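Each reported figure results from applying straightforward, stated rules to the coordinates on display, with no laboratory input. No experiment lies behind these values; they were computed from the predicted model shown. Note that each Cβ is placed from the backbone with ideal geometry, even for glycine, and that neighbours are counted across all protein chains shown.
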């Protein structure tokens, strides 16, 4: 049976529940996912004075063919985008600046160092998001940045964050879509601290200084991101969830939730509805923690489905800014982007193809038997036929056929890299 015939048969089953599949497609193709550039080169970046990866971040594996130049990275991203349905965004870190051989430290970065990214984004109709890079630097060698006891080191990172927000504003102006500029820091201590309050006071003061420099919110959106622990900061992280949740609320900033940055028994899917009640906007970094914040490639597991469901059934597609954050060097990096992003989109489609209003009504009526039974039955509805047709209409490979394209790309392009 052809893709369209399978689709037509599957569509009837969903229409029985009042789900208009074509309307779902129209809605889905307008949801951008912010795809992280750092999957393509193992968070290396292109600084002239490149430092070893640090800040509690580790990339494992040595699969051949990683990008070693901006041109290679952009080419790899283009390949991944050709296999992913929809129009999306690219998320950059400051270490991906292009300074044309000039040594430029991070506190001196300017929009001109990202002009080539902007030209490329315009050519491909992409929005750009941004992150200051507060790791892999000699002034972050002891694991402290914005909360550092040394005022000069703190000032360096304050200036870097201010410069990054101006770069984000530049992206927004040039591309006609606001840039999310997200601040994450690795600061913390390996063992139990004797003073938790003072480092947090310093972090608050640093953030106050950063945000005292105004950018146009039409073009730059500020976000802050927490973490529960990291390598080298196992006992205490300065920028905890409670810290940033309160800071964001008090200072009208967006709180970004990374799915790997919480205790193993916590679920970001459970936090979304609570956050939406008190925040106009919420941002996500979707990853897959395996026992810890290990940033595995996103798969279509229960938590990813539940995250998507919380966004869809609460009509929050315009409120939640969806980004990805994983890095795996043990498999083909372009394939990793493709797998993870397609799964994020699949999860959103899955959520849109559930009779959510009916399920909500059953819950309100206390009919938990029917609610559970329906949820389970929909797991075997012909979702795959709907997904395949969506991919075909969006001009990307259906089913597993994209894997062949990755293999061809690896043979023609990636294998030639040293």
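Place a point 7 Å from the Cα of residue 377 along the Cα-to-Cβ direction; which residues of segment 1-42 have their backbone N under 11 Å from it?
From segment 1-42, the list is 17.
What list do you get for 333, 75 if you sort them by fewest beta carbons within 10 Å?
In increasing order of surrounding Cβ atoms, one gets 75, 333.
Cut-off is 10 Å between beta-carbons; in what order do 16, 124 appear when sorted fewest neighbours first?
16, 124
What angle do you read, to the nearest 10 degrees and between 0 and 90, between the alpha-carbon axis of helix 368-378 and the longest principal axis of the chain?
90 degrees
What residues of segment 153-171 lie in the reach of a label at residue 251, counting those whose backbone N is under 17 Å from a point 7 Å from the Cα along Cα→Cβ?
Answer for this model: 154-169.
Quick one: check the C-alpha center-to-center distance for segment 53-119 versus segment 147-172, whole angstrom.
Going from one Cα centre to the other spans 19 Å.
If each DSSP helix of 4+ residues adds -39,500 (n - 2.57) and the sum is divided by the residues in the chain, what number results at 222 nm, nearest 500 deg cm²/dmol?
-13500 deg cm²/dmol
Please work out the C-alpha center-to-center distance from segment 252-292 to segment 1-46 and express it in whole Å.
22 Å
Apply 1/(1 + (r/R0)^6) to the Cβ-Cβ distance of residue 317 and residue 2, taking R0 = 25 Å, and write down the FRET efficiency to the nearest 0.05.
After rounding to 0.05, the efficiency reads 0.20.
Ratio of segment 32-355's C-alpha Rg to 2.2 N^0.38 Å, to two decimals?
Normalised by 2.2 N^0.38 Å, the Cα Rg of segment 32-355 equals 0.93.
What does the C-alpha gyration tensor say about the overall shape of segment 47-86? Classify as rounded when a/c is under 1.5, otherwise prolate if a/b is larger than b/c, or oblate.
prolate
Sort the following peptides by mean Cβ neighbour count (other Cβ atoms within 10 Å, averaged over residues), highest first: 132-139, 285-292.
132-139, 285-292
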